[in-house]
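The values are calculated or read from the model by the stated rules, or taken from the named source; none is laboratory data. As the structure is a prediction and not an experimental result, all values here were calculated from the model. Cβ atoms come from the backbone with ideal geometry, glycine included; neighbour counts cover every protein chain shown.
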Amino acid sequence: MEIPEKLISELKKVSGLKIRINEPLASHTTMKVGGPADLFLQPLTVRAMITVIEKMSNYHCPYILLGGGSNVIAADRGVRGAVISTRKLQQVRIQGNRTTAEAGILLSDFCQQLAEAGLSGLEFASGIPGTLGGSIYMNAGAYGGEIKDCLRSAEVLTAEGRSLTLTAEELELEYRSSLLQEQKLIALSATFKLQERPSSEIRAEIQKLKEKRWASQPMEQPSAGSTFKRPPGHYAGSLIEKSGLKGYRVGGAMVSPKHAGFIVNTGEATARDIVELMMEIKEKVYQKFGVRLKPEPRLIGEFDKLPY
């Protein structure tokens, strides 16, 4: 739908809101692909975020939330409607062994602040390329840990702009899923209960995990993170590698020679290249092993084909 001029006029009056027209999404995603968003909104405060969602709801204008841009593939033709970025919502408040952080903070930055404060429990997340809000949306995890392990509650926003506080149990956090996905809820902030630990030990563990990640994953090339969810009883990367697909490519998209669970952008990839490669991978793995892989990244915008 075409965005009403009256809505744009009202949004321009919102305090603490940055607005861009036809903003290329390639510069806001870790895969470095994606055409323009009709409207790119960047609230600087939680209050501004709530106001934006209220106005979008009043005008029935479609929108998509974007955090750090990992775990996302944006279409070459872009996104119709609005993209709302949470990246400027980065406030952190620490009280004893509890900490509350806004949804737009990068996990890497959040974990560094926790390390300085001597609070342990989220070290596993220090290398996950995304924001806190995205990690709750997906119940992000790595190296045996998941966000749900130490999350106590989250402030969320409904599609109508109503603020709610939900406990970890109410968020229904499971493997790469949450209530946020099912009910189109927006994470505004989250509260964690952590353990006290010497900062030097926390920093050492973060460094150890960083080295492990860089040794085993294609951190030096643009990607959206893991391309497929882990199928029951298997590892997606292992199935893809055993299908002889390491290094296989479509256009500028390639199955990483370092870790077959990742598709990387070799420099000139389009979203279409990536989706076509995902579809070929799914087909070849199914033919060889009878396992149906399910994509992990969200695909946003106008695609001709979807790998589902």
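Would it be correct to say that Ser108 is assigned to a helix (DSSP H, G or I), among the polar types (S, T, N, Q) and buried (at least 23 other Cβ atoms within 10 Å of the Cβ)? No: the conditions fail for Ser108. For the stretch 18-29, filtering for residues that are surrounded by fewer than 18 Cβ atoms within 10 Å (Cβ to Cβ) and hydroxyl-bearing (Ser, Thr, Tyr) leaves 1. State whether the residues of the stretch 268-286 include one that is touching a strand residue (DSSP E or B) at 6+ places or on another chain (Cβ under 9 Å), closer than 14 Å to Lys305 by Cβ, modelled with pLDDT of 95 or more and in a loop (DSSP other than H, G, I, E, B). Yes, because at least one residue in the stretch 268-286 is touching a strand residue (DSSP E or B) at 6+ places or on another chain (Cβ under 9 Å), closer than 14 Å to Lys305 by Cβ, modelled with pLDDT of 95 or more and in a loop (DSSP other than H, G, I, E, B). Pairing residues of the stretch 292-304 that are within 17 Å of Met31 (Cα to Cα) with residues that are hydroxyl-bearing (Ser, Thr, Tyr), at Cβ distances under 8 Å and at least 6 apart in sequence or on separate chains, gives Pro295/Thr227; Pro295/Tyr308; Glu296/Ser226; Glu296/Thr227; Pro297/Thr227.
Of the candidates Ser256, Ser243, Ser238, the single residue that is among the polar types (S, T, N, Q), more than 30 Å from Thr45 (Cβ to Cβ) and out of contact with any Gly (no Cβ under 9 Å at 6 or more places or on another chain) is Ser243.
Applying a threshold of 7 Å to beta carbon distances and a minimum spacing of six or more residues, or different chains, the list of pairs starting in the stretch 244-261 at a residue that is farther than 16 Å from Tyr286 by Cβ and ending at one that is outside any loop (DSSP other than H, G, I, E, B) and of a type in the set (Gly, Ala, Ser) reads His259/Ser216; His259/Gly237; Gly261/Ser226; Gly261/Ala236; Gly261/Gly237. In this structure, Ala75 does not qualify as within 19 Å of Ser135 (Cα to Cα), under 21 Å from the mean Cα position of the chain (by Cα) and of a type outside the set (S, T, N, Q).
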